[in-house]
Structure formats: C-alpha cells, structure tokens
Amino acid sequence: MPNHFNAECIDCGHQVPYVPASPACPKCGSEWLEARYDYAEVAKRWPLELPGRSFNLWRYFDLLPVQTPNPAFSMGEGGTPLLRAANLGLMLGNANIYIKDERQGPTHSFKDRQAAVSIAALKEAGINELVLASTGNVAIAYSAYAARAGMRLWVFLTSLVPAVKMRETALYGAQVVKVTGSYDQAKQTAAEFARQRGIYLDKGARSIPCIESMKTIAFETVEQLTALAGSPGNPGSENAPLWKAPDWYIQSISGGMGPLGVIKGFDELMQMGLIDRFPKFGLVQVDGCAPMVHAWKQNKENAQAVIAPRTLIHTLATGDPGRTYALLRKKILAHAGGHFEMVSDDEAYRAMHILAKMEGLSVEPAAAVSIAGVIKMVRAGIIKPNETVMINCTGHTMPVERNILGEGWSKDLTLPSTNEMEEGKEEGLLAALSKVGIDRFPRIAIVDDNPDVRRLIRRILQSQGNYSLFEATNGREAVELARKEQPNLMILDLMMPEMDGFAVMDALKADVTTADIPIVVVTAKELTPSEKEHLRGHVQTLMQKGDFLSDDLLDEVRALLG
Ligand SMILES: *Cc1c(COP(=O)(O)O)cnc(C)c1O
Ligand SMILES: [Zn+2]
C-alpha cells in the first residue's frame, strides 16, 4: 500500500516517501522533513466522517503518519477535555479562558500523543529499539508505550530530573541512563550512543511522527471550542468555516516541539478551509532558561543557547533550542503573530496554587508556567479581555516537593486522650477539630451584592485555607453581621442598592463595637474626589475590581490582619 503522505524537505522542497530509519533529505541532506497529505481529499471527508469516530487522537488518522494504527498499542491517548476556566476568567476579567487538560492522558502529560504516534510509526516500519533523551515526561510516555508495544528503549536523563520521574521511567522497564550534566549534554550523549550502536534515535522536532502527533491538539481544540462556544461566523452562509479557532494558543515551552506541531495543525486546518483565522501563539519559558524569550525580545532570528539553566523546573530546562526557535519565529510572524514571555519559578508555583484552588486542577510546575504567563500577558494588555484563550495544560503534578509548598501547609491536630474519648465519645474529637477550625483563624466579612464577586473573593481567601469567612449581600446585612460576628476585617463593595458601602462605613463608625474594623474597599466604580474624601480615615485599602489579582488581595488582607 502506498503511503497516504510524502515527506517534504523544508530546505530544498524535495518530496520523498517517508522512511523512518533514514530520515534525511536524499537531495540536500537536511534532517528537517515535513509530512504532506492530500488535504483536498481530507477536507471533504472530515465533516462527514469525524462525527462517527471515537474521540481520541486516532480520529485524525487521515493526517497522521501511520498507515494502519494498531489498536493493541493504544491507551486512549488524545481526546482530552477542554475545560472552561470560569473562576480564573473572573479573576483575570476574561470570560473566555479554556484549558486543554493534557494531564488526562495515559501517563499524564501531552507527551503521550508524541509517544503513541511515534511508537506506532516505528513499529509499523519494523523498528524495535529506540534511544531518546528527555527532561522527564517524554521518557515516561515513551517508556509506557514501548512497554506496551514490546520495544526496547534507552532513556538518557540528566541527573537533575526529579527522582520520582526517573523511577516511573524505570518501572516501565526502560533502560535509564543518568547523565551528570545539562539536558543538552544528555541529548548529545544519547545521539552518540545511538550512532555507535546503530539504534534509531528519536530526534524530537526533527522526527515526523513527533510533529504530526502534536497537530492533534489543534484539531481537538477547534472541534471542542466550537461545541462549547458555538460555531464561528455566520453558520447559514455557504462559506462559513466548520470550526472556531481560539485567539490565543498558550503553552509553556522547553524545546518548542509542541507549538511547532500545533502550528502545523492550524496551518492544515486553514488549508482545508475548516477554520478561517490563525491563533496568536503565546509561549512561556522560565526566566532561568529563556533563550527563546531573549531572542524574541531582541528580534533575533536565532536563539543563543543558555549553557547553564538556572531553574528548579527541570522539565523546561532545554538550554539550546537549536533550529526550532528560528522555525517557530518564522511561522508565528508569518501567521497571526504572538508573544514570548518568561516567568520566575516562584511565579509558576503561585500560579500552580491559583489553578488548583480556583479550578480544581493540580498541575506540575512546568504546566503552571503557562498560567503564570497568561496572568502576565493579561496584566500587560497583550491578551485582550474579549479574546478567546486556549491554554495547553501540559502535565500532571508530581508527588509534591518541599520547594513547592513552602512552610506551614499543615496544621497540627492534638487529639484528646483515649480516656477523654471514651467518656465524651466522639465529642472530644469534634472539640479538638473545631479548635483547629473556626476560633483560631481571622474572621473576614465579604460584603457584595454580586454573588460572582463574593464567590471569587471567597475562593481567593479560601485558597489560603486559614480564614473564617462570612458573607453579606447588602448594606443592612453587613452592619448586622459586623455587630454579631465581630469580624477582624471587612471586604466591602461600594455600589449596592438601598444601603451602599459609604452608608455601611458610617454605620460601623457610629457604633463603638464595630468602629475599629479595618475595611478593604473593592469597587468597580471610578471615585469622585468628594467620594475619595469620604473614604479617607475609614478605609485601609482601595482596590479596583477586575484590576487586582488574588495575590494582591491576599497581601492586603495579611497586612491588615497583622
Ligand atoms: C515537554 C513539556 C513541556 C515543553 O514542551 P515543548 O513543546 O517540548 O517545549 C511543557 N510542559 C510539560 C509538562 C512537558 O512535559
Ligand atoms: Zn532537501
């Protein structure tokens, strides 16, 4: 059976049948080949056939470099949910933030796509042994799929890769080689090992199956976004595209293979007329290893390698992106543009907390880097409030390490003695538990007539775990609540029907039992000079709605509670 695609050299344009074992252009020797399919044919087939296919990445087999996908090797890769991040959106003032939850793959990162397609393509070509270097997740994903397909796998990891990741790789039976040195050195060592032994080397962005696998993220996203957010344009018109593309694709990057493949996916969707616009690409690195960000900011075509990455987020420690950066930059500039951003390890950890507490998603630090990047880009006005943002939430959380939680994340609970327990039955235990609860924590009243705002502030405060919260939905309730519960702090909205925030403050001042309660005003209103005057002396902090982040609010609250 002839291939349903050809490999085309991106340097000289020469087209050849694809042969995994000798993946270089026979004409010019370039290792950069891209798969080309019969797009006109697929464009006709998909709208009719896709609805009947299962929702995993093999539903797009027409545009994948495998002739006959073997169901026995599959573990249900791809088909991850696209989740609306409503709480994060509320915090950022953007209602259209979506998270592609790649944690829900068989080994919990988006590398499952790469491993599934690569192992299938190699098996089909009769290749049974494979070498690769990895910052962690590629190793885990390939180990699992290699185990399933009965392939022998050599994995080269730097000794900096967290031990839990190394152990998981070893568990699947891969040969694990620890290289003391940087990831780039581990890559060189793996390449040399493969060359000496004549074993197939996975070349990441230069391997057709790797790039092709990542396209499926673009395909799934546009299908899911259309289902969630409605069809694009004018559905009645004959030329309306089938699917809706997001305004932004956001990803944390290391070597940059993910976005390179995703760009190819959007490119193909455009060529087939299935979408009518290209997303912008927002790519985020850690500041201790940000060669691509530096090159982008200096408008350079090539990135200068970072020799000694300085980050605890080793998944993202590719110091030398090689040609991938130049290709990414060229493609991004040729389409809708984009932005490269960097964040610190600490910003990533904070984003990890925010995502877990606001959206219920526990992700690994490398994935949280993308969230931290979005927060920065929204603040800087690069992402606009009405734009649709798709964040590739690339991977799972690991057993949580010390440096992520810091101190004080657990509370000591002293249980009553056995005697007390016997006398008081469970009441002794309940009493002990309640001591850990309410009474020890500062009491905060949240006053706002808008339930969404109350919920948001509650979430932000709860994310710290250590407050007793009360809510009032109007001014009168607020004053009553203050008298009865004696909060240590009130977070107050100014604009409420009947009794507004100004009136609440006057009422609190007039009563000695409530006069000293510190007040944080959170308002959507631009204040007049006389209103500002009215606030003076009453209010400790004034925050503009939609303009503050949870950390700002927490900092204020902590400062006021002393
Ligand atoms: C591999 C990986 C990245 C980086 O992806 P690239 O596209 O290879 O740069 C980010 N996050 C996680 C969790 C990863 O496993
Ligand atoms: Zn060539």
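Treating the stretch 280-341 as a set of equal point scatterers at the Cα positions, no solvent, please give the Debye-formula log₁₀ I(q)/I(0) at q = 0.24 Å⁻¹.
Once normalised to I(0) and log-transformed, intensities are -0.98.
Give the residue from 176, 18, 92 lying farthest towards the positive end of the charge dipole for the chain; charges sit on Cβ (+1 for Lys and Arg, -1 for Asp and Glu) and the dipole is referred to the Cα centre.
18
Name the residue farthest towards the positive end of the dipole of the stretch 233-320 from the options 308, 260, 243, assuming +1 on Cβ of Lys and Arg, -1 on Cβ of Asp and Glu, about the Cα centre.
308
Tell me the trypsin sites (Lys or Arg not before Pro) within the stretch 37-80 that lie in a loop according to DSSP and have at most 13 other beta-carbon atoms within 10 Å.
Of the trypsin sites (Lys or Arg not before Pro), the ones in loops of the stretch 37-80 whose Cβ has at most 13 other Cβ atoms within 10 Å are 53.
What are the ³J(HN,Hα) couplings of the stretch 206-222, residue after residue, when phi is run through the Karplus curve with 6.51, -1.76, 1.60 and θ = phi - 60°? Round to Hz, x for glycine and proline.
Karplus values, whole Hz, x for Gly and Pro: 8, 9, 3, x, 5, 4, 4, 5, 6, 4, 5, 5, 5, 4, 4, 4, 5.
With a 1.4 Å probe and every protein chain kept in, tell me what percent of the accessible surface of the chain is carbon plus sulfur.
About 51 percent, which is the carbon plus sulfur part of the accessible surface.
Which of the three applies to the stretch 15-80, rounded, prolate or oblate, going by the alpha-carbon gyration tensor with a ≥ b ≥ c and a/c under 1.5 meaning rounded?
Oblate shape, in that a/c is at least 1.5 and b/c is the bigger or equal ratio.
Is there a quick way to get the dipole size of the chain? I mean about its Cα centre, with the Cβ of Lys and Arg at +1 and of Asp and Glu at -1; what is the value in debye to the nearest 20?
1760 debye
Restricting to DSSP loop positions (anything but H, G, I, E, B) with no more than 12 other Cβ atoms inside 10 Å of their own Cβ, which trypsin sites (Lys or Arg not before Pro) remain in the stretch 499-537?
Answer in residue order: 536.
Could you tell me whether the stretch 441-561 comes out rounded, prolate or oblate from its Cα gyration tensor? Rule is a ≥ b ≥ c as square roots of the eigenvalues, rounded for a/c under 1.5, then prolate if a/b exceeds b/c, otherwise oblate.
Note, shape of the stretch 441-561 comes out rounded.
Count charges around residue 44 for me, please; just the other residues with Cβ under 12 Å from its Cβ, Lys/Arg as +1, Asp/Glu as -1.
Residues close to residue 44 contribute a combined charge of -3.
With +1 on each Lys and Arg Cβ and -1 on each Asp and Glu Cβ, and nothing else charged, work out how big the dipole of the stretch 441-561 is about its Cα centre, in Debye to the nearest 20.
300 debye
Leaving out ligands and nucleic acids, note down the accessible area per residue over the chain with a 1.4 angstrom probe, in whole Å².
Accessible area per residue: 43 Å².
Averaging sequence separations of C-alpha pairs under 8 Å and six or more residues apart, then dividing by the length of the chain, give the relative contact order as a whole percent.
Across the chain, relative contact order equals 11 percent.
How large is log10 of I(q)/I(0) for the chain at q = 0.06, 0.09, 0.13 Å⁻¹ when the intensity is taken from the Debye formula with one equal scatterer per alpha-carbon?
Ignoring solvent entirely, the Cα scatterers give -0.37, -0.76, -1.26.
For the stretch 231-325, what is the charge dipole size about the Cα centre, in debye to the nearest 20, if Lys and Arg each add +1 at the Cβ and Asp and Glu each add -1 at the Cβ?
260 debye
How are the alpha carbon pair distances in the stretch 1-152 distributed across 10 Å bins from zero to the largest one, expressed in percent?
Calculated over all Cα pairs of the stretch 1-152, the distribution is 10, 29, 34, 20, 6, 1 percent.
Of the listed pairs 165/215; 111/331; 357/509; 331/376; 187/244; 357/532, which have alpha-carbon separations greater than 31 Å here?
Pairs exceeding 31 Å: 357/509; 187/244; 357/532.
By the scheme Lys and Arg +1, Asp and Glu -1, what is the net charge of all other residues having a beta-carbon under 9 Å from that of residue 447?
Taking every other residue near residue 447 into account, the sum is -4.
Per-residue ellipticity at 222 nm for the chain, helices alone: DSSP H runs ≥ 4 residues times -39500 (n - 2.57), over residue total, nearest 500 deg cm²/dmol?
Calculated from helices alone, the mean residue ellipticity at 222 nm is -12500 deg cm²/dmol.
Pull the list of the chain cysteines that no other Cys approaches to under 4.7 Å, Cβ to Cβ.
Cysteines of the chain left without a disulfide-compatible partner: 210, 289, 393.
The values are calculated or read from the model by the stated rules, or taken from the named source; none is laboratory data. Note that this is a predicted model, so its numbers are computed, not measured. Positions of Cβ are backbone-derived with ideal geometry, glycine not excepted, and every protein chain shown enters the neighbour counts. Surface areas here come from the heavy atoms of the whole protein model, side chains and all, with no ligands, DNA or RNA. Shrake-Rupley method; radii C 1.70, N 1.55, O 1.52, S 1.80 Å.
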